[in-house]
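K.L.:
I'd like to ask some things about the structure below.
What follows is calculated from the coordinates using simple rules that are stated; it is not laboratory data. Please read all numbers here as calculations on a predicted model, not as lab measurements. Every residue, glycine as well, gets a Cβ built from its backbone with ideal geometry; the counts of neighbours run over all protein chains shown.
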Amino acid sequence: MTAKLSMLQGVNTIGGTARVLDRALDLDAQLMLRVRDGDEQSFAVLLEKHRNPVIHFVFRMVQDRAIAEELSQEVFLRVYRSRGTYEPTAKFTTWLFRIATHLALNWLRDGRNERAHQRLDAPRDSQKDGELPVREVSDRTPSVEQHMVYQTRLQEIRDAIGSLPEKQRAAVLMHKYEEMEYSQIAHVLECSESAVKSLLFRAYESLRASLAYMVTGATK
Amino acid sequence: MICPLLNNANAAQRERLLDYTAGRLDGPEKEIIGRHLETCPDCTAFQIEQMAVWDALDLWTPAPVSLDFNRRLWQRIDAAATAPWYKRFAESLRFANWKPVVPLTAAILLIAAGFAFDHPGRKSALPGMTIKEADQVEQTLDDIDLLHQLDGVAVPPAAASKTM
């Protein structure tokens, strides 16, 4: 797809066949091109569409709600700032997640994550600015015991993901939750597809060792 | 005995098994792996464990996003548009990874310091002495050295044998 786009882009530059390029581009890239031309409404559409996936991805990377939102704001800010130089050489989501991954990895590597974390399930200190209270995921769980079991499992999942090396973690999150193709993940992580497959296999190997017992009922 | 498909040396096949479990495999490869799974308990166990992992990961649903996320973002965009260039530059460095910069800077400073000590340039090595004075001393020492060399050459061979 990327190669196809690059090729078509070349055709566009040389032959001026803009319509061919427009048809080949994904909708997001077309919206981004409109943002480049000064259409802020298109940016609002892109933001609405990709906001949650980006925030959720960053949250699972850094495991801190407030930081995830702050970093995600930075992601969209960078997208907006670089609108003038945007060229649709890859899928828009690939570019977007590349920025998100870069920021999340930088944050993790910079040691800023050593500060006390505010957990997803922890109630927020204040409910300012018309914010809704944090949703308890296990609202429908009737008993306290089940709730506790759920919270323990959730913590184990977080710990298992958190214990993965950063690149493996990013690869798993993009593969599992964003259902991205290997080629896209490879673009985001700036490595080959075979390296991505290898990263994923090793990551899932670790996760199988720590999480598989949850469903099979086997002991660790 | 473990199925050769799960062998560490068989990375490509292992990854295909993972793709099959994830539903990302098509065509004849899918059929081959499917048929293999019908008869292989090791690979079936792998498949069950992997699906258990994905089921476990499904439990992790993130919290809803703050309602004012968009408003805050637009505020930042507006603020960035009117901010002076140095503030925008500082803002762009906000989430930069500084960790590798620290040892790099330390190394550069160390090299610079070493270079400064080895090559003091036009500065005098002796405290309290001007550059001109240092040059004069150096010139005098060179002259003395030259005179010593000339003395050695000027001695005739006969005189030299006498002295022996």
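K.L.:
Using a Förster distance of 56 angstrom, determine the FRET efficiency expected from the C-beta separation of A:R109 and B:L150, and round it to 0.05. Present the calculation step by step, with values, prior to reporting the outcome.
P.N.:
Details: r = 68 Å, r/R0 = 1.22.
With a Förster radius of 56 Å, E is 0.25.
K.L.:
Could I have the simple spin-label model distance between B:A113 and A:D26, label points 7 Å from Cα toward Cβ, reported in nm to one decimal?
P.N.:
Those two pseudo-labels are separated by 5.1 nm.
K.L.:
Order these peptides, B:103-109, A:163-169, by their mean beta-carbon neighbour count within 10 angstrom, highest first. Present the calculation step by step, with values, prior to reporting the outcome.
P.N.:
Details: B:103-109: 10.0, A:163-169: 17.1.
Result, highest mean Cβ count within 10 Å first: A:163-169, B:103-109.
K.L.:
So, one more: Can you give me the distance in nm between label points at B:A80 and B:L104, each placed 7 Å from the Cα along the Cα-to-Cβ direction?
P.N.:
2.2
K.L.:
Multiply the residue gap between B:A22 and B:N8 by 0.36 nm, knock off their C-alpha separation, and tell me the result in nm, one decimal place.
P.N.:
Values: separation 14, 0.36 × 14 = 5.04 nm, distance 1.98 nm.
Here the answer is 3.1 nm.
K.L.:
Go through A:K176/A:K197; A:K91/A:K197; A:K167/A:K197 and tell me which ones have a Cα-Cα distance over 18 Å in this structure. Could you put the intermediate results ahead of the total?
P.N.:
Details: A:K176/A:K197 13 Å; A:K91/A:K197 20 Å; A:K167/A:K197 12 Å.
Correct reply: A:K91/A:K197.
K.L.:
I would also like to ask the following. Using only atoms on other chains, find how many Cβ atoms lie within 10 Å of each Cβ of peptide B:11-21 and report the average. Intermediate results must be reported in sequence, preceding the final value.
P.N.:
Numbers: counts 4, 3, 0, 4, 7, 1, 1, 6, 3, 0, 1.
Mean partner-chain Cβ count within 10 Å for B:11-21: 3.
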